[in-house]
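Below: the structure, in structure tokens.
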Amino acid sequence: MITPTQIRLFIKPGCPWCDEAIEWLTGHGISFVTLDVIRDATARAEMLELTRQTKAPCIDVDGHLLADFGADELDVWWTKMGFALP
């Protein structure tokens, strides 16, 4: 298992999928930084550059990206990537 060192979650406030991602990460005791792509133009530009899209949520785990997902996809992706849970 790989222990992630940097987890960044790009979100849009009020987005139900973003809320699900936050709940999933928090529920698993995972520390992460939230980047609001509505209020922060730099975060929005970075998300677009990384994912080539404007849909949220998008998660960056040590340079590994998952974009436009729900909690179920995040759960499968996290396991597939071999990331450890705390």
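Observations on the structure shown:
- Surface exposure of the chain, expressed per residue as accessible area with a 1.4 Å probe, stands at 59 Å².
- Taking the helices alone, the chain has a mean residue ellipticity at 222 nm of -12000 deg cm²/dmol, built from -39,500 (n - 2.57) per DSSP H run of at least 4 residues and averaged over all its residues.
- With each label modelled as a point 7 angstrom along the Cα→C-beta vector, the HIS64-ALA84 pair spans 1.4 nm.
- Per-residue HN-Hα couplings for region 69-86 [Karplus 6.51, -1.76, 1.60; θ = phi - 60°; Hz; x = Gly/Pro]: 9, x, 4, 4, 5, 5, 4, 5, 4, 4, 5, 4, 6, x, 6, 6, 9, x
- Positive contributions from Lys and Arg (+1) and negative ones from Asp and Glu (-1), summed over other residues with Cβ under 13 Å from the Cβ of THR79, come out at -2.
- Measuring r between the beta carbons of SER31 and THR54 and using R0 = 35 Å, the FRET efficiency lands at 0.85.
- Once Rg and the Kirkwood radius are both taken over the C-alpha atoms of the chain, their ratio Rg/Rh works out to 0.93.
- Charge tally for ASP60 (other residues, Cβ to Cβ under 13 Å; Lys, Arg +1; Asp, Glu -1): -2.
The values are calculated or read from the model by the stated rules, or taken from the named source; none is laboratory data. All values derive from a computational prediction rather than experimental measurement. Note: ideal-geometry Cβ built from the backbone for every residue, glycine included; neighbour counts use all protein chains shown. Each accessible area value is taken on the protein alone, full model and side chains, heavy atoms only, with ligands, DNA and RNA left out. Shrake-Rupley method; radii C 1.70, N 1.55, O 1.52, S 1.80 Å.
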